[in-house]
Amino acid sequence: MNLGIAGRRAAVAAATAGLGYACAEALVAEGVRVTVCGSDEGRARAAAARLGNGTTWLVANLTMPDDAERFVTEAGERTGGIDILVINGPGPRPGSALATPAGEYQAAVDRSLHAVVRMSLAALPAMREAQWGRIVAITSLGVLRPYRNLAPANTARAGATGFLRTLAAEVAAEGVTVNSVLPGLHATERARAVYGEGEQLAPMLAGIPAGRMGEPGELAAAVAFLCSEQAGYISGVELPVDGGAYRALM
């Protein structure tokens, strides 16, 4: 399917590896002019080189809201504007609700709420002027079903989801859509480091009807579609891409 976005300009955050890189790759394949970022210059430069087709790169520490906003602003300056923003970034540290000191929530809020707000607001002026834009945030299934031992992440990402839902309603009439994609267990370097491989994955796979880990490209395909011309009537959605793991009716 031709997604109708060739020539559009995209900023894809945290795209040197894993799900972010796969999203950038899917957009490049559709003819989108992509700018990626990472916290390490060498990795960001290498990712852009692998993606090719004029992909540019920037260094940004997405745990800092100021830096997250700067990434989007500078990406727009390089390409003359931003049509598509894919929000991604490192998750907060684990911790239970009882064991996490109140003061530690600020770091989670900075990286998983404030950074989302700042990136979105930085991209919106060009989108609203053009009467066309796509914002897609990669968040977590934890916004629908809070994970045990991830209280800071559950809290901050739920706040980000509330912001994105509210924003979606405010800009829909201007041709700008705002959606979230909620990844399940995908075959990334980080997932392998956390959960292992082979038989080590059996307890995790038992709860996934598909019976396997997802491929990064499968999530990226969903993101690319939400960025498409054809998805212009889809907004304010939290889409699980999880092999059927989330089965609640609401």
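The values are calculated or read from the model by the stated rules, or taken from the named source; none is laboratory data. What you see is a predicted model, and the numbers here were worked out from it, not measured in a lab. Every residue, glycine among them, receives a Cβ derived from its backbone with ideal geometry; neighbour counts consider all protein chains shown.
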Notebook entry, point to check: Among the residues of segment 131-167, which ones are touching an Asp or Glu at 6+ places or on another chain (Cβ under 7 Å) and small (Gly, Ala, Ser)?
Noted result: GLY133
Item checked: Cross-chain or 6+ apart pairs with Cβ under 8 Å, segment 196-218 first and in contact (Cβ under 8 Å) with a residue 60 or more places away in the chain, then of a type in the set (Ser, Thr, Tyr) and surrounded by 15 or more Cβ atoms within 10 Å (Cβ to Cβ) -> PRO216/TYR21; PRO216/THR188
Note to self: Condition first: over 30 Å from GLY31 (Cβ atoms) and among the polar types (S, T, N, Q). Can you find one or more residues in segment 232-247 that meet it?
What the structure shows: no
Next item on the list: From (1) farther than 30 Å from ILE208 by Cα; (2) in a helix (DSSP H, G or I); (3) not aliphatic (A, V, I, L, M), pick out the condition that doesn't hold for GLY142.
Entry: (1)
Margin query: Of everything in segment 214-228, what is part of a loop (DSSP other than H, G, I, E, B) and either modelled with pLDDT under 90 or touching a Lys or Arg at 6+ places or on another chain (Cβ under 9 Å) (or both)? Give them in sequence order.
Written below: CYS227, SER228
Check: Residues in segment 186-209 that are surrounded by 14 or more Cβ atoms within 10 Å (Cβ to Cβ) and of a type in the set (Val, Ile, Thr): how many?
Finding: 2
Item checked: Hits in segment 11-31 (condition: without any contact (Cβ under 8 Å) to a residue 40 or more places away in the chain and in a loop (DSSP other than H, G, I, E, B)) -> THR16, GLY31
Next item on the list: Taking VAL34 as the residue in question, decide whether it is part of a strand (DSSP E or B) and either of a type in the set (Val, Ile, Thr) or under 17 Å from ALA153 (Cβ atoms) (or both).
Entry: yes
Item checked: Selection from segment 118-128 of residues that are farther than 12 Å from ILE87 by Cα, touching a residue at least 12 places away in the same chain (Cβ under 8 Å) and not aliphatic (A, V, I, L, M) -> ARG128
Margin query: Just to be sure I understand, how many residues within segment 73-99 are more than 21 Å from ARG190 (Cβ to Cβ) and of a type outside the set (Gly, Ala, Ser)?
Written below: 10
Next item on the list: Would you tally the residues in segment 118-155 being under 17 Å from TYR246 (Cα atoms) and basic (Lys, Arg)?
Entry: 2
Next item on the list: For segment 68-104, name all the residues that are surrounded by 20 or more Cβ atoms within 10 Å (Cβ to Cβ) and either of a type in the set (Gly, Ala, Ser) or modelled with pLDDT under 95 (or both).
Entry: ALA68, ALA75, GLY76, GLY89, PRO92
Checklist line | Residue under evaluation VAL171, criteria (1) in contact with a Lys or Arg (Cβ under 8 Å, 6 or more places away or on another chain); (2) closer than 30 Å to LEU121 by Cα; (3) among the hydrophobic types (A, V, I, L, M, F, W, C); (4) not in a helix (DSSP H, G or I), criterion not met | finding: (4)
Item checked: ALA191, sole failed condition from (1) touching a helix residue (DSSP H, G or I) at 6+ places or on another chain (Cβ under 6 Å); (2) at pLDDT below 90; (3) of a type in the set (A, V, I, L, M, F, W, C) -> (1)
Item checked: So ARG50, is it surrounded by fewer than 17 Cβ atoms within 10 Å (Cβ to Cβ), part of a helix (DSSP H, G or I) and in contact with a strand residue (DSSP E or B) (Cβ under 7 Å, 6 or more places away or on another chain) -> no
